[in-house]
Amino acid sequence: MRLKDELSRGRQQWRLLTFYQKFEHAVMLVLTALAVWNLVLKVLLSIISSGGFDPTDYTVFQALFGMIFTVIIALEFKRSLLVVVERRHGVVQVRTVVLIALLAIVRKLMIIDLSAADAQQVLALAATILALGGVYWLVRDQDRREHAESRS
């Protein structure tokens with residue numbers, strides 16, 4: 001019964017949207033579907049081409065996590081765009097952009113072949129993660145202070 005209520009509420013909200021807002025939502029749904037479809041296809045093709053799926057193999061593990069993180073990044077990007085559309089703000093939240101950048105760097109760190117990477121590259125990725133983490137913490141702290149001041 002709850003799903004039925006959600007669907008009817010969704011249809012009512014859909015009718016209230018302008019043509020452009022419907023177009024934005026349709027594009028985001030298509031992008032989400034394509035990202036998930038891409039992940040499923042790659043996993044299935046790797047299973048078929050290798051004759052089996054061995055997640056203990058390091059290269060398979062790297063490729064699978066790389067694909068999963070790509071989908072997570074795409075979904076987070078989609079969510080940030082939906083927040084902008086829902087709130088009718090033209091400015092993307094800095095915190096969301098930093099979070100997406102952190103996810104991208106972590107993805108790179110997970111799929112990098114450490115035997116082929118030099119120390120400078122790993123150090124640069126680590127420094128980038130620390131810098132983005134610091135920016136995320138500062139922005140989050142500032143958001144908390146502004147939220148506390150608005151309540152007072």
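The values are calculated or read from the model by the stated rules, or taken from the named source; none is laboratory data. Nothing here was measured: the structure is a model prediction, and the numbers come from that model. These accessible areas exclude ligands, DNA and RNA; they are computed on the full protein's heavy atoms, side chains included. Shrake-Rupley method; radii C 1.70, N 1.55, O 1.52, S 1.80 Å.
Result for the chain in a Gaussian network model with C-alpha springs under 10 Å: among Gln12, Gln93, Gln121, the largest mean-square fluctuation is at Gln12. Atom-type composition of the exposed protein surface of the chain places 67 percent of the accessible area on carbon and sulfur (1.4 angstrom probe). Across the stretch 5-14, computed HN-Hα scalar couplings (Karplus, 6.51 cos²θ - 1.76 cosθ + 1.60, θ = phi - 60°) run 5, 4, 5, 5, 5, x, 5, 5, 5, 4 Hz from first to last residue, x flagging Gly and Pro. Solvent-accessible surface of the chain, taken per residue with a 1.4 Å probe and all protein chains present: 74 Å².
For the chain, the gyration tensor built on C-alpha atoms gives an oblate shape. Its axis ratio a/c (a ≥ b ≥ c) is at least 1.5, and a/b is not larger than b/c.
Taking square-rooted eigenvalues a ≥ b ≥ c of the alpha carbon gyration tensor, is the stretch 96-152 rounded, prolate or oblate, where a/c under 1.5 means rounded and, failing that, a/b exceeding b/c means prolate? Here the stretch 96-152 falls in the prolate category. Highest GNM mean-square fluctuation among Ala104, Ala131, Ala74, for the chain modelled with Cα contacts below 10 Å: Ala131. Phi-derived couplings, Karplus 6.51 cos²θ - 1.76 cosθ + 1.60 at θ = phi - 60°, listed residue by residue for the stretch 70-79: 4, 5, 4, 5, 5, 5, 5, 5, 4, 4 Hz, with x used for Gly and Pro.
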